[in-house]
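*Asks:* Take a look at this one; I'll ask things after.
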Amino acid sequence: MKKLAVLLAAVMAMTLALTGCGSNSNNSSSVASTGSSASETSSPTPTIDAIKERGKLIMLTEATFAPFEYIENGEVVGADVDIAQEFAKDLGVELEVVDMNFDLLIDSVNAGKGDFAAAGMTVDEERSKQVDFTTKYVKSAQHVIIKKGSGVTADNLDGLVIAVQESTSGDFYATDEINAKEVLRFKSAVEAGTALKSGKCDAVIIDELPAKAIADKSNGELEVLEDKLTDEEYAIACKKGNTDLVEAFNKTLERLMNEGKIDEFVQNHMVVE
Ligand code: GLN
């Protein structure tokens, strides 16, 4: 009887293991589960060897941020994806892109749900404590989008309803530097733009080129104010302590910058309508 129980337990364990494997076949949820099942906090660092063995480099992003990342024909494309393709090429592996909310990116990198986050991410002090950043590869700034003709100016945002993308530098600026009537926080930059069009807010604060991309797609309803609110720079976020990966990425970034490729990637993804 005892033997039968042991046998049954063994069969059950095997079945579980098999179904586990089955659901782990090449989709992004399998990626999400690699390395994070034991513990979210002590996930293994994705070393270059591990990435090469897996044959796949996993990028995490939030894809409503043209020209850096956006969806086209059901696929995530953009300048950050082009850069990540070069990382993958230099490592001799394939690239996989996982789309998620911006505010989850840093925790997800640290939990091993991907190897890095590339999302037009501004380097700041708080984030630098949580992740290791590569070399900065793009200069940016926060800008204000308004409804054309509304008369809203960048130096007088106090008392207004401001829409932002949650947990971004636009959110931090609206929260800390403006005496806004209300800050509406959206999961995506595009939703913030939609709120402005439908009159739910007076202005959107967002990064320069994504602001232009949103205004370009608004049929002339929205405009980006010239005055910038901040000066920022983007970098790629890797798990804290993953120095080898940061160094490998830095080499690729240096090559791309020397070749003028990053500007080219950004220009290629600017929407002109
Ligand atoms: N650059 C901004 C930030 O890092 C916004 C990034 C984004 O929304 N993808 O906070």
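*Asks:* Among the residues of the range 78-103, how many are assigned to a helix (DSSP H, G or I) and of a type in the set (Asp, Glu)?
*Replies:* 5
*Asks:* Would you confirm whether or not the range 85-95 contains a residue that is modelled with pLDDT of 95 or more and within 16 Å of the ligand (Cβ to nearest atom)? Spell out the reasoning first.
*Replies:* Initially, the range 85-95 is screened for residues modelled with pLDDT of 95 or more, giving 85-95.
Retained after the next criterion (residues that are within 16 Å of the ligand (Cβ to nearest atom)): none.
Checked against the condition, which is being modelled with pLDDT of 95 or more and within 16 Å of the ligand (Cβ to nearest atom), the range 85-95 yields no hits at all.
*Asks:* For the condition free of Cβ contacts under 8 Å to residues at least 60 places away in the same chain and of a type in the set (Asp, Glu), what is the one hit in Glu86, Glu62, Glu53?
*Replies:* Unique residue meeting the criteria: Glu53.
*Asks:* Looking at (1) touching a strand residue (DSSP E or B) at 6+ places or on another chain (Cβ under 8 Å); (2) touching a residue at least 40 places away in the same chain (Cβ under 8 Å), find the lone condition where Glu177 falls short.
*Replies:* Here Glu177 clears every test but (1).
*Asks:* Could you list, in sequence order, the residues of the range 137-152 that are open to solvent by 40 Å² or more (accessible area, probe 1.4 Å), more than 12 Å from the ligand (Cβ to nearest atom) and either more than 23 Å from Ser218 (Cβ to Cβ) or among the basic types (Lys, Arg) (or both)? Break it down stepwise before answering.
*Replies:* Here is the first cut: in the range 137-152, the residues open to solvent by 40 Å² or more (accessible area, probe 1.4 Å) are 139, 147-151.
Remaining after also requiring more than 12 Å from the ligand (Cβ to nearest atom): 147-151.
Those that are open to solvent by 40 Å² or more (accessible area, probe 1.4 Å), more than 12 Å from the ligand (Cβ to nearest atom) and either more than 23 Å from Ser218 (Cβ to Cβ) or among the basic types (Lys, Arg) (or both): Lys147, Lys148.
*Asks:* Something else: May I ask you to say which residue of Glu177, Glu166 is of a type outside the set (Ser, Thr, Tyr) and under 22 Å from the mean Cα position of the chain (by Cα)? Before the answer, list the steps.
*Replies:* Working: Glu177 fails: under 22 Å from the mean Cα position of the chain (by Cα).
Exactly one of Glu177, Glu166 is of a type outside the set (Ser, Thr, Tyr) and under 22 Å from the mean Cα position of the chain (by Cα), namely Glu166.
*Asks:* Something else about it: Would you call Ile106 open to solvent by 10 Å² or more (accessible area, probe 1.4 Å), under 18 Å from Ala235 (Cα atoms) and either in contact with a strand residue (DSSP E or B) (Cβ under 6 Å, 6 or more places away or on another chain) or not in a helix (DSSP H, G or I) (or both)? Full working, then the answer.
*Replies:* Working: open to solvent by 10 Å² or more (accessible area, probe 1.4 Å): yes; under 18 Å from Ala235 (Cα atoms): yes; either in contact with a strand residue (DSSP E or B) (Cβ under 6 Å, 6 or more places away or on another chain) or not in a helix (DSSP H, G or I) (or both): yes.
Spelling it out, Ile106 is indeed open to solvent by 10 Å² or more (accessible area, probe 1.4 Å), under 18 Å from Ala235 (Cα atoms) and either in contact with a strand residue (DSSP E or B) (Cβ under 6 Å, 6 or more places away or on another chain) or not in a helix (DSSP H, G or I) (or both).
*Asks:* Looking only at the range 116-157, count every residue that is in a loop (DSSP other than H, G, I, E, B) and out of contact with any Lys or Arg (no Cβ under 9 Å at 6 or more places or on another chain) and tell me the total. Let's see the steps before the verdict.
*Replies:* Of all residues in the range 116-157, those in a loop (DSSP other than H, G, I, E, B) come to 118-121, 123-124, 134-137, 141, 148-157.
Add one more test, that the residue is out of contact with any Lys or Arg (no Cβ under 9 Å at 6 or more places or on another chain), and what stays is 118-120, 124, 134-137, 148-153, 155-157.
Residues meeting the conditions: 17.
*Asks:* While we're looking at this one, here's another question. Identify the single condition in (1) in contact with a helix residue (DSSP H, G or I) (Cβ under 9 Å, 6 or more places away or on another chain); (2) open to solvent by less than 60 Å² (accessible area, probe 1.4 Å) that Glu264 does not satisfy, given that it satisfies every other one.
*Replies:* Glu264 satisfies every listed condition except (2).
*Asks:* With the requirement that a residue be among the β-branched types (Val, Ile, Thr) and more than 10 Å from the ligand (Cβ to nearest atom), what does the range 107-136 give you? Before the answer, list the steps.
*Replies:* At the first step, the residues of the range 107-136 found to be among the β-branched types (Val, Ile, Thr) are 109, 122-123, 131, 134-135.
Residues satisfying the conditions are Val109, Val131, Thr134, Thr135.
*Asks:* Can you name the residue in the range 213-261 that is surrounded by 20 or more Cβ atoms within 10 Å (Cβ to Cβ) and charged (D, E, K, R) and is also farthest from Glu191 (Cα to Cα) among such residues?
*Replies:* Lys239
*Asks:* Give the residue that is nearest to the ligand (Cβ to nearest atom), with candidates limited to residues of the range 46-77 that are surrounded by 16 or more Cβ atoms within 10 Å (Cβ to Cβ) and part of a helix (DSSP H, G or I). Talk me through it step by step, then tell me what you get.
*Replies:* Taking the range 46-77 first, the residues surrounded by 16 or more Cβ atoms within 10 Å (Cβ to Cβ) are 46, 48, 51, 54, 56-70, 76-77.
Narrowing the set further to residues that are part of a helix (DSSP H, G or I) leaves 48, 51, 54.
Values: Ile48: 26, Ile51: 24, Arg54: 26 Å.
Filtering first and then ranking leaves Ile51.
*Asks:* Name the strands (runs of 3 or more DSSP E) wholly within the range 200-273 that hold at least 3 residues that are away from the ligand (no atom under 13 Å from the Cβ) and farther than 28 Å from Val109 by Cα? Talk me through it step by step, then tell me what you get.
*Replies:* On the way: elements: 203-207, 222-224, 232-234, 237-239.
In the range 200-273, the matching strands (runs of 3 or more DSSP E) lie at 222-224.
The values are calculated or read from the model by the stated rules, or taken from the named source; none is laboratory data. Only a predicted model underlies this, so the values are computations on that prediction, with no experimental measurement involved. For neighbour counting, all protein chains shown are included, and Cβ atoms are generated from backbone atoms with ideal geometry for every residue, glycine included. These area figures cover heavy atoms from the full protein model, side chains too; ligands, DNA and RNA do not enter into them. Shrake-Rupley method; radii C 1.70, N 1.55, O 1.52, S 1.80 Å.
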